[in-house]
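The values are calculated or read from the model by the stated rules, or taken from the named source; none is laboratory data. Bear in mind the structure is a predicted one, so any value in this text is a computation, not a measurement. Here the Cβ is made from the backbone with ideal geometry for all residues, glycine too, and neighbour counts use every protein chain on show. In case anyone asks, the SASA skips ligands and DNA or RNA and just uses the protein heavy atoms, side chains included. Shrake-Rupley method; radii C 1.70, N 1.55, O 1.52, S 1.80 Å.
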Amino acid sequence: MAGIYIHLPFCFSFCLYCDFYSEIDCREQRRRYLNALKFEISERVDYFAGVLPDTIYMGGGTPSLLDTEEIVELADILRNRFKITHLREFTLEANPDDVTPRKLDGWRRAGVDRLSIGVQSFCDDHLVWMRRRHTSAQAINAFKMAREAGFDNISLDLIFGFEGLSDEQWSNNIAQLTDLFPEHVSCYQMSIEPGSELAALANSGRYHEPSQEVCSAHYSLLQQMLKKAGYRQYEISNFAIPGRESIHNSSYWERIPYLGLGASAHSFDGHNCRCLNLADMKDYIDAMEGNVSIAIRSEEILSEDDKFNEQIMLGLRKTAGLPLSSLDSSRLATIKPALDYLTSTGDIISENGFIRIPAEKLFVSDGIMQQLFI
Ligand code: SF4
């Protein structure tokens with residue numbers, strides 16, 4: 001198994017909370033960027049050393065903003081260059097205001113079989129505050145159009161954990177989402193990311209994060225309501241109808257190799273090497289046009305301790321947990337006292353050769369995992 005991620009860093013405007021690498025869309029720059037991507041694809045075609053990639057994920061930015069012919073062309077190039085014969089999943093991230101029957105048809109022609117739609121909220125006041133460009137009605141309509149176009153694997157995103165979100169509004173958001181009944185739900189707590197507009201508001205005292213008690217209660221309500229609606233939580237922020245978990249995203253937590261193409265994209269060789277493309281569109285394009293792509297890539301070789309910590313950090317994000325047999329035995333012996341303590345407090349459950357964090361403790365999982373790092 002292996003996955004390909006393509007970063008398409010174009011947006012019409014920036015959302016209040018966002019720190020993903022992206023630029024305001026400009027057709028000329030987009031054309032040069034797509035050519036640069038084609039160069040990077042041809043250059044890194046041997047990345048998987050014989051393994052055929054079986055998932056593609058187009059993320060951003062706003063991939064849905066591209067012309068469908070651009071998506072079709074990119075998909076064809078990926079298939080041909082990586083000799084992909086059998087794709088298990090091809091996801092495209094879409095903003096509700098970009099979704100039209102014509103685009104949906106184009107994405108299907110490209111082979112996209114899974115859409116991840118950024119709804120974020122069903123409350124229009126909150127959408128305006130977040131600087132989202134769509135309304136709640138547009139999000140619902142986008143979902144219905146995608147269904148009519150034949151998409152039977154759709155993920156919807158929601159955000160919680162921001163000032164002003166009442167219990168009632170949050171409960172209503174989850175209820176509206178479950179009424180639509182997408183196959184998959186991703187839900188993230190809003191955080192103040194350096195460089196975002198939200199950070200500027202917070203720094204000037206015009207935004208205050210809600211208390212952890214409120215956020216924890218909203219997370220717990222999400223878990224309860226989604227469970228009742230038939231979803232299974234399989235990761236801290238991800239829920240799915242059983243069998244519809246994201247194959248591509250699961251590869252990140254299972255340390256399966258993936259190749260990230262484009263500015264700011266990450267790659268992992270499945271062993272000990274992670275690399276990162278610089279988050280700068282101009283430098284990325286210049287490097288590809290000048291045939292010096294290495295200039296925009298930094299590499300990190302993981303030590304055995306790093307690898308162990310990463311296995312803990314990624315494996316315990318999953319509700320299925322982490323097989324103890326996958327961990328280095330001498331390092332496992334080193335953390336045994338901490339593991340025994342966390343098991344005694346109920347922060348970790350150890351059974352059938354796996355360790356995992358129980359659902360009711362996932363909200364504080366960072367603190368639990370840290371106690372197990374070397
Ligand atoms: S959240 Fe998505 S649409 Fe909004 S600025 Fe970030 S990448 Fe662009």
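For the range 198-207, a residue qualifies if it is surrounded by 11 or more Cβ atoms within 10 Å (Cβ to Cβ) and in a loop (DSSP other than H, G, I, E, B), and exactly one does: Tyr207. Among residues that are farther than 17 Å from Leu37 by Cα and more than 16 Å from the ligand (Cβ to nearest atom), Ile77 is not included.
When the criteria are applied in full, Ser121 fails the requirement of being within 14 Å of the ligand (Cβ to nearest atom), at pLDDT below 95 and not charged (D, E, K, R). So, in the range 152-164, how many residues would count as being within 26 Å of Arg108 (Cβ to Cβ) and surrounded by 15 or more Cβ atoms within 10 Å (Cβ to Cβ)? Qualifying residue count, the range 152-164: 6. Taking (1) exposed (fewer than 15 other Cβ atoms within 10 Å of the Cβ); (2) more than 26 Å from Ile140 (Cβ to Cβ) in turn, Asp167 satisfies each apart from (2).
Here the range 62-71 is the region considered, the condition is being outside any helix (DSSP H, G or I) and open to solvent by less than 20 Å² (accessible area, probe 1.4 Å), and the residue that is nearest to the ligand (Cβ to nearest atom) is Thr62. The residues of the range 287-307 that are surrounded by fewer than 13 Cβ atoms within 10 Å (Cβ to Cβ), within 26 Å of the chain's Cα centre (by Cα) and of a type in the set (S, T, N, Q), listed by number, are Ser298, Ser303.
Within the range 4-13, at least one residue is in a loop (DSSP other than H, G, I, E, B), surrounded by fewer than 17 Cβ atoms within 10 Å (Cβ to Cβ) and within 15 Å of the ligand (Cβ to nearest atom).
When Ser22 is tested against the conditions (1) more than 15 Å from the ligand (Cβ to nearest atom); (2) open to solvent by 10 Å² or more (accessible area, probe 1.4 Å); (3) among the hydroxyl-bearing types (Ser, Thr, Tyr); (4) touching a strand residue (DSSP E or B) at 6+ places or on another chain (Cβ under 7 Å), the lone failure is (1).
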